[in-house]
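Shown next, in structure tokens, is the structure this report addresses.
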Amino acid sequence: MSDNKSSHDSAALVGATISTLQGFDKVLGGLVINPERALEELNLDWTASQEVADVLMRKYKLPFRVGHQFASEVVSFAKERNITPRDFPYADARRIYAATLKHEMPIENGSLPMSESEFRAALDPVAIVKNRVTAGGPQPAEMARMIARSRQMLAQEEQWTAERSKRIETAIKDLDRDFIRLTAQ
């Protein structure tokens, strides 16, 4: 199906897209990332709290809803008292877990199945990234694989584009040659 837009409109759109991407590339090139500072910021907030619920679900078969309710209660308790994940008292986690089970399931005297070290590891952003071993995940080996695959795909696209460009150039030269030959007769 032919496109009813003029090639001028399409060229303008391509030009604007290239300009936008070049500007975005400048922004990305200007970013300065300090890994230590970024980790410090992550450790000041509760962005990793979902991992506690996920570990309880994956390893200890706690229902999804209950695990996330527990994590939510931990975060609420901590934020009310300005407690960071690194400083959260394990005894309070155990108490909140028992109260959550009593309210949500109901189970009396439920004890938190995670050890203190396991609880702390579930709140550690670095450990979360390293342990999240899934296709498309953030772990270093998977990131390296995805980057290598993207580079391979880009190289294939560049080769395809170069081949098509050469075919177009050859076709234009042939057309010009044939036109000159026809008009000379």
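The values are calculated or read from the model by the stated rules, or taken from the named source; none is laboratory data. Note that the coordinates shown come from a computational prediction; the quantities given were computed from them, not determined experimentally. Every residue, glycine as well, gets a Cβ built from its backbone with ideal geometry; the counts of neighbours run over all protein chains shown. For the accessible areas, the whole protein counts, side chains as well, though only heavy atoms, and no ligand, DNA or RNA atoms are used. Shrake-Rupley method; radii C 1.70, N 1.55, O 1.52, S 1.80 Å.
The table below lists the values:
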| quantity | calculated |
| --- | --- |
| Cα-based helix-to-principal-axis angle, 64-80 vs the chain, degrees rounded to 10 | 80 |
| Solvent-accessible surface (1.4 angstrom probe) belonging to Asp45, in square angstrom, nearest 10 | 70 |
| Accessible surface of the chain, 1.4 Å probe, proportion on carbon and sulfur as whole % | 58 |
| Accessible solvent surface per residue of the chain, calculated while the other protein chains remain in place, 1.4 angstrom probe, Å² | 75 |
| [x] 33, 21, 11; [y] 60, 19, 17; [z] 31, 18, 16, with the label sought being that of the calculated semi-axes √(5λ) of the Cα gyration tensor in Å | [y] |
| Extension gain (nm, one decimal) between Arg149 and Gln22, 0.36 nm per residue minus Cα-Cα | 43.4 nm |
| Distance between modelled label sites at Glu80 and Lys130, nm, 7 Å Cα→Cβ extension | 3.5 |
| Pairs of lysines in the chain (C-alpha under 26 Å apart; 8 or more residues apart or interchain) | 6 |
| Candidates Ile168, Ile83, Ile147, ranked by Gaussian network fluctuation over the chain, Cα under 10 Å, top entry | Ile168 |
| Environment charge at Arg86 (Cβ cut-off 12 Å; Lys +1, Arg +1, Asp -1, Glu -1) | -3 |
| Residues of region 34-70 with amide N under 13 Å of a point placed 7 Å along Cα→Cβ from Ala99 | 70 |
| Stretchable slack from Asp174 to Ser111, in nm (0.36 nm times residue separation minus alpha-carbon distance) | 14.6 nm |
| Dipole moment magnitude, nearest 20 debye, region 1-142 about Cα centre, only Lys, Arg, Asp, Glu C-beta charged | 320 |
